[in-house]
Amino acid sequence: MQKLKITHPDSANRIEKGIVLGWAVLVVIVILVAAALARFIVGGISAQEFASPEFMNGAANNKINADQFTFSDPWVRATPPGTMTAAAYLSIGNTGEEDRLLYARSDGARRVEIHTSSEQDGMMRMSRLDTLPVPADGVVQLTSGGHHLMFIDIPATFVPGESVIVTLVFESAGARDVLFTVRDVR
Ligand SMILES: [Cu+2]
């Protein structure tokens, strides 16, 4: 039986291989499409939602895109020349489980400590905290006269209007980069 006009004995073999490869590719595509559909069903996202501009912008499904933390008003005090430390403030909102700020680091300082201020014998004193608890569904305020971050050993002064990235490392949630603005507040 002659199916094809074959001029070279290897051609038939090659055509058969081509057909097998074609089917294999088709099967892989079908499996990938099925897997993608299964993910939509398991994840509770419809294909329509997935294709919507809101989803693309990251607003439609906050379970996937939104962070449990909101970092409000992060700022660091401007430093006059020669000053080697600077305090930084922000408030950390948490919609997730209870967590702890373990430490912070920044290229703007050799080290960043977690401090708290308290009044002792009429004097404001700062002491170092090992960690800073962040309650579930709560807010931690780092403010002047309270908890704050302390930049220690600053290689360059902080100039008002500039900004510095601080990496906050949480016990459960991991690391977050936060941009602090330098402000001239005395
Ligand atoms: Cu301090």
- Task: Go over the candidates Asp184, Asp177 one by one and state the one that is surrounded by fewer than 18 Cβ atoms within 10 Å (Cβ to Cβ) and closer than 17 Å to Met84 by Cα.
- Result: Asp184
- Item | Residue, surrounded by the most Cβ atoms within 10 Å (Cβ to Cβ), within region 93-112, restricted to residues that are part of a loop (DSSP other than H, G, I, E, B) and of a type outside the set (D, E, K, R) | Ala109
- Residue by residue through region 113-164, note down the ones that are outside any loop (DSSP other than H, G, I, E, B) and of a type in the set (S, T, N, Q). Thr116, Ser117, Ser118, Gln120, Ser127, Gln141, Ser163
- Query: Which pairs do you get when a residue that is within 18 Å of Ile165 (Cα to Cα), found in region 90-118, comes within reach of a residue that is among the basic types (Lys, Arg) and surrounded by 15 or more Cβ atoms within 10 Å (Cβ to Cβ), reach meaning Cβ atoms under 6 angstrom, with the pair 6+ apart or on two chains?
  - Reply: Val112/Arg105
- Message: Please determine whether any residue of region 69-79 is within 26 Å of the chain's Cα centre (by Cα), at pLDDT below 95 and β-branched (Val, Ile, Thr).
- Response: no
- Restricting region 88-133 to residues that are among the acidic types (Asp, Glu) and more than 17 Å from Thr70 (Cβ to Cβ), which is farthest from the chain's Cα centre (by Cα)? Asp121
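The values are calculated or read from the model by the stated rules, or taken from the named source; none is laboratory data. Keep in mind the model is a prediction, meaning the values are calculated, not measured. Don't worry about glycine lacking a Cβ; one is built from the backbone with ideal geometry, like all the others, and counts go over all protein chains shown.
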